[in-house]
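Heads up, the thing below is written out as structure tokens.
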Amino acid sequence: MNALLTDLYELNMVASYLRRGMTGLATFSLFVRGLPKQRGFLVAAGIEGCLDYLQGLRFDEDEIRYLGDELKFPQRDLEAFRQFRFTGDVWGVPEGRVVFAGEPLLEVTAPLPEAQLIETYLLNRITFETTIASKAARCVIAAAGRDVVDFSFRRTQGIEAGLDVARVSAIAGFEATSNVEAARRYGLVAAGTMAHSYVQAFARERDAFLAFAQDFPGRTTFLVDTYDTVSGIKDAIEVIRKLKLRGRTGVRLDSGNLLELTNRARRLLDAERMKHVRIFVSGGLDEFQIDDLVRGGAPIDAFGVGTRMGVSADQPYLDTAYKLVDYAGRPVMKLATGKVTAPGRKQVFRRRKPFGDVIGLFEETAPSGMEPLLQQMMVRGRRTKAPAGVSDSRALCEADIAELPAAVRRIRSPRGLVAPPTEKLQRTTEQTRERLLSRFGPKRSR
């Protein structure tokens with residue numbers, strides 16, 4: 001794994017720690033500072049990729065040469081980088097679990113240089129994938145039991161991002177993806193219809209539909225809005241009747257007033273005794289448009305969701321942080337205004353009914369009726385178990401979301417839950433704050 005996937009200041013700090021023998025055990029906590037607007041919860045994702053990274057982390061000789069020749073690190077630093085391996089322990093929230101602001105998604109305990117170097121990669125991966133998984137989960141909630149399919153690949157911000165989006169949207173509850181490589185790589189269902197260019201390439205719309213249905217019998221969805229949507233629906237009906245299509249047959253609408261047009265489509269199909277034909281819609285959708293259509297009673301069977309989900313258009317980032325909370329057995333914290341952190345190794349405890357979390361110290365016993373959320377995922381730099389599959393993570397996500405209060409789940413103006421500290425964590429925070437202020441606080445004039 002490329003060890004240069006980091007920021008330069010991480011390497012500077014690692015070199016300085018090593019030169020001074022600062023290799024005691026450190027714990028860093030990765031968390032989201034606050035829930036974004038229009039998010040009542042987040043879905044943890046990106047953890048599995050981070051574990052792969054940590055287990056394979058090392059500098060190869062080309063990277064070592066670059067650090068010496070271009071960045072001018074001395075030979076003693078280069079030798080230390082050459083020997084570098086991650087040997088720490090990791091506790092984390094399993095992918096698919098619902099989380100809230102301030103709750104650690106990862107707790108990394110390792111020699112200080114090891115725990116420091118990995119900051120950039122962990123933040124990058126977890127920030128992006130959690131952002132997208134949370135957006136995708138809201139689309140699934142809005143669809144209210146109807147299928148949702150990932151159409152985002154062509155407009156995600158990078159090829160690897162497109163693969164990640166397909167995976168985490170499946171964890172969040174999407175039924176399929178248009179991304180063929182993601183389907184192959186992660187065992188997802190691949191789904192696709194046709195583009196307007198296919199229809200335009202034929203002399204008549206009806207000819208395009210007939211050709212496609214003959215080439216792909218049993219899984220035909222007609223894109224009916226290239227020219228006139230109602231005319232396109234009628235052409236699709238004619239082809240369905242002519243070929244006596246059954247099975248996975250549908251019409252797809254990608255533009256216009258979808259509430260009005262889907263009702264018109266359903267009436268036309270039902271009049272021809274084609275209740276088996278599904279109505280699929282796409283075109284600039286996210287949870288807000290889906291919610292409007294569902295609440296409006298649109299007879300839609302499935303939604304294709306692309307750009308707005310794939311880049312989380314309304315909230316494209318999270319304010320994630322990776323902060324030192326314990327070094328050499330001593331709790332530490334940050335006191336900067338607006339960015340105060342809680343000290344010490346931590347655990348999140350969850351109660352399902354009524355749903356709620358508390359944040360405690362790692363050594364605390366779970367309060368009655370609550371379960372610990374963070375699980376041990378690495379010991380001495382090695383995974384404790386095989387990577388979680390998409391289906392397992394999806395089941396966790398579905399179960400957690402089903403337990404959330406309605407106010408947390410709602411699409412517009414949701415109410416995020418706040419996880420309070422336990423008494424012991426609160427006491428440790430106050431004691432650590434007092435200790436630090438006595439050493440680093442404002443100096444009083446004599």
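Just so it is clear, none of the values below were taken in a lab; they were calculated from the coordinates. Quantities reported herein were computed from a predicted structural model and do not represent experimental measurements. Using ideal geometry, Cβ is built from the backbone for each residue, glycine included, and neighbour counts are taken over all protein chains shown.
How far is the Cα center of segment 244-262 from the Cα center of segment 140-204, in Å?
Using only Cα atoms to place each centre, the spacing works out to 17 Å.
How far is it, in nm, from the label point at Asp314 to the one at Asp207 when both lie 7 Å from their Cα along the line to the Cβ?
The two pseudo-label positions are separated by 4.4 nm.
Starting with the fewest neighbours, write out Lys424, Lys37 ranked by other beta-carbon atoms found within 10 Å of each beta-carbon.
Lys37, Lys424
By how many nm would the segment from Glu181 to Asp228 lengthen if fully extended, with 0.36 nm per residue of separation less the alpha-carbon distance?
Taking Glu181 through Asp228 to full extension adds about 13.6 nm, to one decimal.
Counting DSSP beta bridges in the chain, what percent are antiparallel, to the nearest 5?
Expressed as a percentage, antiparallel bridges in the chain total about 65.
Pop a pseudo-label 7 angstrom from the Cα along the beta-carbon direction at both Leu335 and Asn12 and give the gap in nm to one decimal.
Going from the Leu335 label point to the Asn12 one covers 2.5 nm.
Once you place label points 7 Å from the Cα toward the Cβ at Asp292 and Tyr198, how far apart are they in nm?
According to this spin-label approximation, the distance is 2.8 nm.
Of Asp62, Asp254, how do they rank once you tally other Cβ atoms within 10 Å and put the fewest first?
Asp62, Asp254
So how do 230-236, 165-171, 43-49, 73-79 stack up, highest first, on mean other-Cβ count within 10 Å?
Going from most to least packed, we get 165-171, 43-49, 230-236, 73-79.
Hey, can you rank 382-393, 349-360, 284-295 by average C-beta count inside 10 Å, highest first?
284-295, 349-360, 382-393
When the chain is modelled as a GNM with alpha-carbon springs shorter than 10 Å, which of Leu259, Leu245, Leu71 fluctuates the most?
Maximum among the listed residues: Leu71.
Can you give me the P(r) profile for segment 279-384? Cα pairs, bins 10 angstrom wide beginning at 0, each as a whole percent.
Distribution as computed: 11, 22, 23, 24, 16, 3, 0 percent.
Okay, helix-only estimate at 222 nm for the chain: each DSSP H run of n ≥ 4 adds -39500 (n - 2.57), divide by all residues, round to 500 deg cm²/dmol; what do you get?
That comes out to -12500 deg cm²/dmol.
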